[in-house]
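For reference, the structure discussed in these notes is given below.
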Amino acid sequence: MVDLKMDLDAVRTLGERLGVVADEFENAGVRSDRIADAVGHEGLAGVVRDFTSSWDDTRTKMTQNLRLLADSSTQVAQAFTDVDADLARGIQGDGSTAPAAAAGPGGAV
């Protein structure tokens, strides 16, 4: 039998950190507008605004993908935790499902 080992805390942490990165991407446009207003030179402010505008679509798609990865990481960790708990209950005989019936003569159950 092959053992599958996974650091579930690391997978959960990955999900949390990807969520933080997604938040940062989402708020980047707001910060860029503030920077454009604060540079004190209308020409430079215009360049900052132009960049922000052209970057919005890419940033939005990246944010969506980061959130998808964050959610997937969390779901993977939870699924492995649930399966591991179910398997442990089954080994201990505490599982909620009945054991398979023993086969009778000729393979009949």
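Can you tell me which residues in segment 12-71 are surrounded by 13 or more Cβ atoms within 10 Å (Cβ to Cβ) and among the aromatic types (Phe, Trp, Tyr)?
PHE25, TRP55
Are any residues in segment 31-74 touching a residue at least 12 places away in the same chain (Cβ under 8 Å) and under 25 Å from ASP9 (Cα atoms), and if so, which ones?
MET62, THR63, LEU66, ARG67, LEU69, ALA70, ASP71, SER72, SER73, THR74
When you look at VAL2, is it among the β-branched types (Val, Ile, Thr) and closer than 29 Å to LEU87 by Cβ, yes or no? Reasoning before the result, please.
On the way: among the β-branched types (Val, Ile, Thr): yes; closer than 29 Å to LEU87 by Cβ: yes.
Yes: the conditions hold for VAL2.
Among the residues of segment 52-74, are any modelled with pLDDT under 90, out of contact with any Cys (no Cβ under 7 Å at 6 or more places or on another chain) and not in a helix (DSSP H, G or I)?
no
The values are calculated or read from the model by the stated rules, or taken from the named source; none is laboratory data. As the structure is a computational prediction, the values presented were derived from the model and not from experiment. Cβ: placed from backbone, ideal geometry, glycine included. Neighbour counts: every protein chain shown.
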